[in-house]
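Read the structure below first, then the notes.
Every number here is computed from the coordinates shown, using simple stated rules; none is lab data. Note that the coordinates shown come from a computational prediction; the quantities given were computed from them, not determined experimentally.
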Amino acid sequence: MIVNKANLSIIYTAFKSAFNTGFRGGQTYWERIATLVPSSTKEEKYGWMGQFPRLREWLGDRVIKGIALHDYAIRNRKFESTIGVPRDDIEDDSYGVFAPLFREMGHAANNHPDELVFDLLPKGFSELCYDGQYFFDTDHPVGNEETGITSVSNMQAGAGNPWFLLDTSRPLKPLIFQRRRDYAFRSMTNMDDENVFMRDEFRYGIDARANVGFGFWQLAFGSKAALDQANFDAAMASMMGLKSDEGRPLGVNPTVLVVGPSNRSAAKQLVEVEKLASGADNPNYKAVEVLVVPWLA
């Protein structure tokens, strides 16, 4: 093949098509537990975190609830993946062997939010959220000057592989996927480019700007204890009993049990088996949906 602008354009279209096939073809999980938040600057501040807007009966004047500003921000990060294609392979019409590689690049881009979101989830035991406590902690401060401040837990200690109970039914899910610039496929194929002159190769790649962060800790419960009925029941009760700073029930209702491969069998037995070993009905049958994700391996 003659290496010229027209033919390089055709090859670019073929590589991009392969990339798009991989990008659209894979299953993703992050949307189940994270809210997509568009970003317009290098970082976004979430000072309004901690507010659960609730309605009250209107008697007299409105009661204006001031927003307590928290110093919580998510700074965008840059990500890239690049492939160099030798000019000789294009001249020799061997560029077709790269199509599977570009499909895999698209697959990797499609799954990248999964990697970020599910990498962050277990870090909740050691990284801070909006209230200055670890996302999964035993002493989240709840209350105000009138009701008094109490410490509230959303975790169970233990030494096992973690599992997570989440309420994903609300507009703001437990985690945040913040996207500044979406994944884009680009190329460097100008014959005057330095890499073409110095290395005799053309470059194709993707890049994006994004990051992940924590939402409301009240919508998540993390445990490293054994995944059994007693611990699951305790986690459910803890989440469903949460109250606002004013002492009103938050109405948290867990919907998803997130586990890695090591806890898959226990999770399935816990909520997807209709009868217990004793023959009695399983009180947790279909109580939540089980989400098994390989990123928690």
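Close amide H partners of Phe202, meaning residues 5 or more places away or on another chain with modelled amide H under 5 Å apart, are Val85, Arg87.
Which value, in Å to one decimal place, does the Kirkwood hydrodynamic radius take for region 152-230 when every pair of different Cα atoms is included? Before the final figure, lay out the partial values.
Numbers: mean 1/r = 0.0593 Å⁻¹.
Result for region 152-230 stands at 16.9 Å.
What is region 224-297's relative contact order, in percent, from Cα pairs under 8 angstrom and six or more apart in sequence? Relative contact order here is 30 percent. Pairwise Cα distances in region 186-297 exceed 24 Å in 50 percent of cases.
Hey, what D do you get for region 80-167 in µm²/s if you plug the Kirkwood alpha-carbon radius into Stokes-Einstein at 4 °C and 1.567 mPa s? Intermediate values should be presented prior to the final figure.
Numbers: Rh = 17.6 Å.
Rounded, D is 74 µm²/s.
In the chain, the DSSP beta bridges split such that about 75 percent are antiparallel, to the nearest 5.
Each stretch of four or more DSSP H residues adds -39500 (n - 2.57); spread over every residue of the chain, this sum gives -8500 deg cm²/dmol at 222 nm. By the Stokes-Einstein formula, at 1.567 mPa s and 4 °C, the chain with its Kirkwood radius over alpha-carbon pairs has D equal to 58 µm²/s.
In percent, what relative contact order does region 64-167 have, based on Cα pairs under 8 Å that are 6 or more apart in sequence?
Details: 57 pairs, mean separation 15.8, N = 104.
Relative contact order here is 15 percent.
Rounded to whole Å, the principal axis extents of the Cα atoms in region 106-244 read 69, 37, 25, largest first.
Sorted largest first, the principal axis extents computed over the alpha-carbon atoms of region 122-181 equal 43, 33, 22 Å. Multiplying the residue separation of Ser151 and Leu36 by 0.36 nm and removing their Cα-Cα distance gives an extension gain of 38.4 nm. Pairs from the list Lys123/Lys275; Lys123/Lys268; Lys224/Lys286 with a Cα-Cα gap above 29 Å: Lys123/Lys275.
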